[in-house]
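A.B. asks: So that we are looking at the same thing, I have put the structure below in structure tokens.
The values are calculated or read from the model by the stated rules, or taken from the named source; none is laboratory data. No experiment lies behind these values; they were computed from the predicted model shown. Cβ placement follows ideal geometry from the backbone for every residue including glycine, while neighbour counts extend to all protein chains displayed. Quick note on the areas: whole protein, heavy atoms, side chains included, nothing else; ligands and nucleic acids left out. Shrake-Rupley method; radii C 1.70, N 1.55, O 1.52, S 1.80 Å.
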Amino acid sequence: MGHRRGVGRGVVAGLLVLLLPVLFPTLFAPFGHASPSIFSEYNTPKPRHLRLIKSAVQRQTSNKQQSELWSPLSNQGWKPCMESTSTSSAILPENTLGYLQVFLDGGLNQQRMGICDAVALAKILNATLVIPYLEVNPVWKDSSSFLDIFDVDHFIDVLKGDISIVKELPEDFSWSTREYYATAIRATRIKTAPVHASAKWYLDTVVPVLESYGIAAIAPFSHRLDFDHMPKDIQHLRCKVNFQALRFVSHIRSLGDDLVSRLRNSPGQSEAVHSKFLGSVANVKEKHAEGKFVVLHLRFDKDMAAHSACDFGGGKAEKLALAKYRQVIWQGRVLNSQFTDEELRNQGRCPLTPEEIGLLLAALGFDNTTRLYLASHKVYGGEARISTLRELFPLMEDKKSLASSEERANIKGKASLLAAVDYYVGMQSDIFVSASPGNMHNAMVGHRTYLNMKTIRPNMALLGQLFLNKSMSWSNFQAAVVEGHKNRQGQLKTRKQRQSIYTYPAPDCMCDA
């Protein structure tokens, strides 16, 4: 009998061992796998700024503060100005030198800037542009093509007076594919383009290839065209592509319009305003923000957290998980890892956590009746990490909460299309806030500057220093935040040398009003 019990227990134990990888796959994932570590994302750290959070939850903002916060930007003396020497009725050269292919890596917004540069380069080279090829992102595994994201017919129509564009190569050149260039060195591929290469570099290097073979393929291409020393008409053309020619496909715009409509007419708003928790004062404040909403781009994914080398309060387990991830993805070559957390925060190098961006918004005057749309693909730590932000802003929404699964079917699991929806909604918002710098931040700042729309840019260095002070009172924190963001709410800054034309559209894309 005892022998049988022992055998039975052994069988059960054996089954448990076999089932462990199924029940807890993250524990048995390969060392370099990008899936979440059970130690980092499921053991959510407690809030790091409890004193401030308690005060922020009970915060009250004045009627004047609300009025100033929601009022649109005043005229800043600039207006959109993209007149090109080419118009829709202009006559293009009868023959081009050949076909230009570009292969664009990165996420949606990096690819967007690459598309603009590709059009400009086709103009410089007198080449026929093939609709750009979008590489599969190694992080998000999204294979969406240009045609899946952008309205290609609109793109061609807007630019028909500027360059020649084809959707695909003619039969004679059908061999020029991504696979063809991946298997061997090819004479028609240019892979040596330096970052921010000049127009002269391309004329000297690519024109001979076009003349010899009738086609040239540039890979990689992103960030490979200089922002300076370009003719005015080329700069104007880049702006025309970014602000006029690149329009999302109809189902993205349709879903975006539905989300915006629901945000402006939130059914939960009246219930929240009249609740006992918010109090009667909310009825006065609501008039300033009636039908308005904020879009928050919360860039806090695992890559961002690991690359920053900052401490996010998850203890030794989280530090170890991020250090391992950093070693596998970048072989430890992360400059920030040479500094202490305090040094990084003082320099403004740490991405804001959901908790910290919530405290920033609360200090700026956004109250608990604010309709907040969360634009984010995946937050490191999951929903539990967002809980403090949701406590501060109970009317926070996202794609999943606003749209049904049927409405989201066309974009499910496709990072580029999800980002496109967020971009579209962000461009309709009254105020846009980006938690940390990045390509989405740069693209949105530039686009909203072009249209003179309010965009709050967090003062990362100031916030890093404030959050290091664990004894700071709410009133002092709020005063410092308000003072430190007076000129960071959409005030136009003209582009300096080497800065991106897509982030700073004046003066290249804009004229004195």
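A.B. asks: So what's the gap between the Cα centers of region 434-513 and region 113-138, to the nearest angstrom?
C.D. replies: When both Cα centres are located, 29 Å separates them.
A.B. asks: Assign unit charges at the C-beta atoms only (+1 for Lys and Arg, -1 for Asp and Glu), then state the dipole size of region 54-171 relative to its Cα centre in Debye, rounded to the nearest 20.
C.D. replies: Using only the charged Cβ atoms, the result is roughly 860 debye.
A.B. asks: Still on this structure, I have one more. In the chain, which cysteines lack any other cysteine Cβ under 4.7 Å from their own?
C.D. replies: For the chain, the answer is Cys116, because their Cβ atoms have no other cysteine Cβ under 4.7 Å.
A.B. asks: With unit charges on the beta carbons (Lys and Arg positive, Asp and Glu negative) and the dipole taken about the Cα centre of the chain, which residue among Cys509, Ser67, Tyr325 sits farthest to the positive side?
C.D. replies: Looking along the dipole axis, the top candidate is Tyr325.
A.B. asks: Still on this structure: How long is the gain from Val328 to Val139 if the chain were fully straight, where each residue apart is worth 0.36 nm and the alpha carbon distance is subtracted?
C.D. replies: Result for the pair: 66.7 nm of gain on full extension.
A.B. asks: Peptides 316-327, 436-447: what's the order by average Cβ count within 10 Å, highest mean first?
C.D. replies: 436-447, 316-327
A.B. asks: Cα gyration tensor of region 73-189, axes a ≥ b ≥ c as square roots of the eigenvalues: rounded (a/c below 1.5), prolate (a/b > b/c) or oblate?
C.D. replies: oblate
A.B. asks: In region 416-513, with Lys and Arg counted as +1 and Asp and Glu as -1 at Cβ, which of these residues, Gln465, Leu418, Val445, has the Cα nearest the positive end of the dipole, that is, farthest along it?
C.D. replies: After comparing all options, I get Gln465.
A.B. asks: Separate question: When the chain is fully extended, how far beyond the present Cα-Cα distance does Cys511 get from Asp157, taking 0.36 nm per residue of separation?
C.D. replies: 125.0 nm
A.B. asks: Using the heavy atoms of the protein chains and a 1.4 angstrom probe, tell me the accessible area per residue for the chain in square angstrom.
C.D. replies: Result: 47 Å² of accessible area for each residue.
A.B. asks: With the cut-off at 1.5 for a/c, could you classify the chain from its C-alpha gyration tensor as rounded, prolate or oblate?
C.D. replies: oblate
A.B. asks: Mean Kyte-Doolittle of at least 0.5 and a Cα length of 24 Å or more along the axis: which whole DSSP H helices of the chain meet both?
C.D. replies: 2-23, 108-125
A.B. asks: Can you give me the solvent accessible area of Thr192 with a 1.4 Å probe, rounded to the nearest 10 Å²?
C.D. replies: Rounded to the nearest 10, that gives 100 Å².
A.B. asks: Computed FRET efficiency, Cβ-Cβ of Glu383 and Lys200, R0 41 Å: what is it to the nearest 0.05?
C.D. replies: Given R0 = 41 Å and the Cβ-Cβ separation, E is 0.20.
A.B. asks: Treat each spin label as a single point 7 Å out from the Cα along the C-beta direction, and report the Lys316 to Glu407 distance in nm.
C.D. replies: 4.8
A.B. asks: So how strong a dipole does the chain carry about its Cα centre when Lys and Arg Cβ are +1 and Asp and Glu Cβ are -1, to the nearest 20 debye?
C.D. replies: About 1880 debye.
A.B. asks: Right, next: Magnitude of the Cβ-charge dipole of region 444-501, K/R +1 and D/E -1, about the Cα centre, nearest 20 debye?
C.D. replies: Rounded to the nearest 20 debye, it is 320 debye.
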